[in-house]
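Q: To start, I am sharing the structure in question, which I have written as structure tokens.
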Amino acid sequence: MTKVLTDARSIRIKGRSFLAVVLSPDLPLDDWLARLDDLASRSAGFFLGRPVVLDVTDLEICKTDLKELLAAFVERNVAIMGIEGARPSLLGPGMPPALKGGKPVSGDAVAKEPIIEIRNMPAETQPAEPEPRQVLQSLVIREPIRSGQSVIFPEGDVTVIGSVASGAEVIAGGSVHIYGTLRGRAMAGSIGNINARIFCRKMEAELLAIDGVYKMAEDMAPGLRGKSVQLWLENDTIMAETLI
Amino acid sequence: MGKVIVVTSGKGGVGKTTSTAALGAALASKGERVVVVDFDVGLRNLDLVMGAERRVVYDLINVIQGEAKLSQALIRDKRLETLFLLPASQTRDKDNLTPEGVERVISELRRVFDWVICDSPAGIESGATLAMRHADVAVVVTNPEVSSVRDSDRIIGLLDSKTVKAENGERMEKHLLLTRYDPNRAERGDMLKVDDVLEILSIPLIGIIPESMDVLRASNIGAPVTLADASSAPAQAYFDAARRLCGEPVPITVPGEKRSFLGKIFGRKAA
Ligand SMILES: Nc1ncnc2c1ncn2[C@@H]1O[C@H](COP(=O)(O)OP(=O)(O)OP(=O)(O)O)[C@@H](O)[C@H]1O
Ligand SMILES: [Mg+2]
């Protein structure tokens with residue numbers, strides 16, 4: 001039998017971009033893994049269900065060590081969807097595929113269609129038609145973000161008129177503004193932006209991050225709790241001050 | 001067309017079944033036609049609290065599977081003639097609870113009753129999402145403690161996304177029912193304060209039910225607390241909540257608040 005190549009029903013293949021968490025380990029790996037464990041233990045479930053890419057561009061590593069590193073991720077339930085920056089000889093069967101062309105999404109690389117992922121959010125809170133050529137974008141959500149919900153907006157600022165519950169998260173490429181109590185997680189500058197800030201009317205956060213620098217609830221000065229607070233980045237350290 | 005209410009919580013053991021029975025009986029005692037529906041397949045309880053466990057022949061799954069007619073499965077309450085129970089199956093697998101079946105049963109019930117009150121199982125799995133799926137109104141049952149509040153918050157998120165109302169872009173009416181409120185523990189600061197719970201969940205409060213032995217006594221004799229002892233504190237609180245569900249503006253009092261206020265005055269005098 002010859003294959004019919006002109007079958008009317010073709011397979012549709014679509015391209016789609018996802019925002020992945022990129023991990024770039026450094027040497028010695030044991031130390032780096034200890035730091036990863038520290039972050040994961042204080043932020044349970046952070047890597048669960050998230051696409052994670054392993055970037056080994058600047059890592060001096062041989063195939064055996066890479067295999068061991070991958071096993072270490074499996075042990076920690078971190079699912080590596082691909083490896084970036086690896087020489088072909090490093091990779092082999094049974095390993096995640098090589099990934100190329102990942103972009104650190106920056107202001108002038110704004111996607112035509114914003115990648116907005118609002119899980120569990122009612123339809124009405126989706127933003128109106130995006131303006132394709134505008135560089136600064138913002139997403140305004142007029143209701144509380146509930147536990148288990150996650151608002152991800154790499155294109156710009158997120159403003160929430162309401163509270164962010166414990167177990168909820170807001171991840172913005174730009175700044176995060178919470179006109180309510182921040183009890184969950186807020187991550188500003190999620191795709192690389194040292195100038196992003198986090199503002200909230202009442203600080204009770206579980207985790208804060210700006211440009212990949214994390215701060216857990218227990219690391220925060222007790223004087224900030226319950227206060228109106230802004231946070232920003234200075235030399236890779238998260239700074240905070242009360243507002244008003 | 002009747003109103004469909006889901007009584008839901010996320011967390012288990014907070015008082016959903018107690019509240020379903022108490023609110024159902026409170027509404028029926030005003031002459032409203034009420035059916036309480038047990039969605040807790042495999043762990044049914046509502047029949048016990050209603051005192052109808054020996055009269056269960058057919059259940060919700062039988063109706064969904066076409067093995068019984070709705071009229072065969074409905075059990076009329078012995079005390080209130082406008083109050084009915086649609087029991088859950090204790091033996092069948094909960095996979096038999098199909099979305100299509102649930103939709104058909106709910107729309108049939110809606111035609112016959114003024115109120116269809118669905119007692120949701122705990123959790124956020126299919127049993128809970130099916131129980132809320134066709135609701136017009138949600139009663140979110142919460143205890144004044146952190147884990148219950150967080151689970152309720154999660155459930156509110158699902159009510160705003162996984163229900164037919166939400167999918168049609170409509171707003172689900174949501175009410176907070178604070179149960180097992182213990183004035184003594186509140187005074188000692190062992191429980192979240194009413195204001196804190198309201199601030200976290202930001203949905204309107206429909207009632208505060210005190211922690212009370214009367215609830216246990218009622219379930220031991222197989223009666224909703226609003227029928228077992230209509231003058232008891234929890235029964236009164238449920239009657240008030242039922243009136244608020246009907247849209248009556250009834251002021252809410254925090255149990256024990258008066259006493260704690262007096263207590264403060266006396267404390268100061270003694271000092
Ligand atoms: N106000 C109250 N005072 C004292 N006890 C109460 C009160 N409300 C509920 N209870 C008790 O708490 C227990 C759990 O109540 P209930 O079965 O109504 O909870 P539920 O949310 O339906 O639980 P599940 O999630 O297992 O279905 C029961 O023993 C009940 O008698
Ligand atoms: Mg129950």
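The values are calculated or read from the model by the stated rules, or taken from the named source; none is laboratory data. None of the values given here were measured: they were computed from a predicted structure. Note: ideal-geometry Cβ built from the backbone for every residue, glycine included; neighbour counts use all protein chains shown.
Q: Would you pick out the residues in the range B:152-181 that are more than 8 Å from every other protein chain (Cβ to nearest Cβ) and either buried (at least 23 other Cβ atoms within 10 Å of the Cβ) or within 16 Å of ligand 2 (Cβ to nearest atom) (or both)?
A: B:S152, B:I155, B:L159, B:L176, B:L177, B:L178, B:T179, B:R180, B:Y181
Q: Quick one: which strands (runs of 3 or more DSSP E) lie wholly within the range A:127-244 and hold at least 2 residues that are hydrophobic (A, V, I, L, M, F, W, C), closer than 22 Å to A:D38 by Cβ and at pLDDT below 90?
A: The strands (runs of 3 or more DSSP E) meeting that bar are A:213-216.
Q: For B:G10, are the conditions met, namely being more than 12 Å from ligand 1 (Cβ to nearest atom) and small (G, A, S)?
A: It is false that B:G10 is more than 12 Å from ligand 1 (Cβ to nearest atom) and small (G, A, S).
Q: In addition: Listed residues B:G123, B:G66, B:G101; which is away from ligand 2 (no atom under 16 Å from the Cβ) and at positive phi?
A: The conditions single out B:G66.
Q: Here is a follow-up. Which of the residues spanning the range A:165-178 are closer than 18 Å to A:Y214 by Cα, within 13 Å of chain B (Cβ to nearest Cβ) and of a type in the set (A, V, I, L, M)?
A: Selection gives A:A168 alone.
Q: Here is a further query. Say whether the condition of being of a type in the set (S, T, Y), surrounded by fewer than 24 Cβ atoms within 10 Å (Cβ to Cβ) and in a loop (DSSP other than H, G, I, E, B) is met by at least one residue in the range B:8-17.
A: So far as the range B:8-17 goes, no, none of its residues is of a type in the set (S, T, Y), surrounded by fewer than 24 Cβ atoms within 10 Å (Cβ to Cβ) and in a loop (DSSP other than H, G, I, E, B).
Listed here are the residues, each with its yes/no results for (1) within 16 Å of ligand 1 (Cβ to nearest atom); (2) closer than 24 Å to B:V49 by Cα; (3) not in a loop (DSSP other than H, G, I, E, B).
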| site | (1), (2), (3) |
| --- | --- |
| B:S71 | no, yes, yes |
| B:F84 | no, yes, yes |
| B:S89 | yes, yes, no |
| B:C118 | yes, yes, yes |
| B:G123 | yes, yes, no |
| B:T129 | yes, yes, yes |
| B:S147 | yes, no, yes |
| B:R150 | yes, no, yes |
| B:E170 | no, no, no |
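Q: Separate question: Only one residue in B:V36, B:V63 is more than 14 Å from ligand 1 (Cβ to nearest atom) and under 21 Å from B:H134 (Cβ atoms). Which one?
A: When all the criteria are applied, what remains is B:V63.
Q: Does the range B:103-116 contain any residue that is within 16 Å of ligand 1 (Cβ to nearest atom) and not hydroxyl-bearing (S, T, Y)?
A: No, the range B:103-116 contains no residue that is within 16 Å of ligand 1 (Cβ to nearest atom) and not hydroxyl-bearing (S, T, Y).
Q: Taking B:A22 as meeting all but one of (1) away from ligand 1 (no atom under 16 Å from the Cβ); (2) closer than 18 Å to B:W115 by Cβ, write down the number of the exception.
A: (1)
Q: Is it true that some residue in the range B:214-228 is part of a helix (DSSP H, G or I), within 13 Å of chain A (Cβ to nearest Cβ) and β-branched (V, I, T)?
A: Looking for residues that are part of a helix (DSSP H, G or I), within 13 Å of chain A (Cβ to nearest Cβ) and β-branched (V, I, T), one finds none in the range B:214-228, hence no.
Q: Among the candidates B:L27, B:L23, B:L46, which residue alone is crowded, with 22+ Cβ neighbours inside 10 Å and either within 17 Å of B:G127 (Cα to Cα) or in contact with a Lys or Arg (Cβ under 6 Å, 6 or more places away or on another chain) (or both)?
A: From the options B:L27, B:L23, B:L46, the qualifying one is B:L46.
Q: May I pose another question? Pick from B:S107, B:S9, B:S89: which is within 14 Å of another protein chain (Cβ to nearest Cβ) and either within 15 Å of ligand 2 (Cβ to nearest atom) or within 20 Å of B:R133 (Cα to Cα) (or both)?
A: Only one candidate passes the filter, namely B:S9.
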